[in-house]
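Here is the structure we will look at, set down as structure tokens.
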């Protein structure tokens, strides 16, 4: 029971991401700098996992990258200098939220544009008026006097039709 009570705060700290483990050779920094390391680690993509930040990834390469961030923070580099270091090494792909310039504008604008187009379609459909429930299922009324046949009508089968007689005899059996 005591072990469970001791493990509870540790597991909560691990699950909430308040802990960024170091490699064997790195020393922890003071809490304000370690918080900055963790914040920067959340902004950089793990090259192995591809969907996780280096702060969240369990991969050894992510741990090494996080140690590099820790080393650069300890050396007094600014956040922008650290981001630039990783972008120079891995490309802009390493940033989890890329800057909005060039082709990246499409990534930032497309969702908002799609939402606006969706709202415009919904508003247009509302303005047109939805068809009533009975009107959607019922056939439109047509005045037989007003309609002229555009194609010749097909004659009803005669009693002497051989095929029709065979079908009726099969159905009677």
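Scanning the stretch 41-63 for residues that are surrounded by fewer than 14 Cβ atoms within 10 Å (Cβ to Cβ) and more than 12 Å from residue 96 (Cβ to Cβ) gives 58, 60, 61.
Against the condition within 25 Å of the chain's Cα centre (by Cα), assigned to a loop (DSSP other than H, G, I, E, B) and surrounded by 14 or more Cβ atoms within 10 Å (Cβ to Cβ), how does residue 98 come out, does it pass? Here the answer is yes, as residue 98 does meet what is asked. Of the residues making up the stretch 42-78, those that are touching a helix residue (DSSP H, G or I) at 6+ places or on another chain (Cβ under 6 Å) and under 23 Å from residue 30 (Cα atoms) number 9.
Kindly indicate whether residue 72 is buried (at least 18 other Cβ atoms within 10 Å of the Cβ) and over 18 Å from residue 97 (Cβ atoms).
Criteria met by residue 72.
Applying a threshold of 7 Å to beta carbon distances and a minimum spacing of six or more residues, or different chains, the list of pairs starting in the stretch 19-43 at a residue that is assigned by TED's automatic domain parsing to the domain that holds residue 71 and ending at one that is in a helix (DSSP H, G or I) and modelled with pLDDT under 85 reads 19/13.
Okay, residues lined up against (1) exposed (fewer than 10 other Cβ atoms within 10 Å of the Cβ); (2) modelled with pLDDT of 85 or more; (3) assigned by TED's automatic domain parsing to the domain that holds residue 68:
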{"position": "85", "(1), (2), (3)": "no, yes, yes"}
{"position": "103", "(1), (2), (3)": "yes, no, no"}
{"position": "161", "(1), (2), (3)": "no, no, no"}
{"position": "166", "(1), (2), (3)": "no, yes, no"}
{"position": "169", "(1), (2), (3)": "yes, yes, no"}
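The set of residues in the stretch 44-65 being farther than 15 Å from residue 89 by Cβ and modelled with pLDDT of 85 or more consists of 52, 53, 55, 56, 57, 58, 59, 60, 63.
The values are calculated or read from the model by the stated rules, or taken from the named source; none is laboratory data. As the structure is a prediction and not an experimental result, all values here were calculated from the model. Cβ coordinates were reconstructed from backbone atoms using ideal geometry, including for glycine residues, and neighbour counts include every protein chain displayed.
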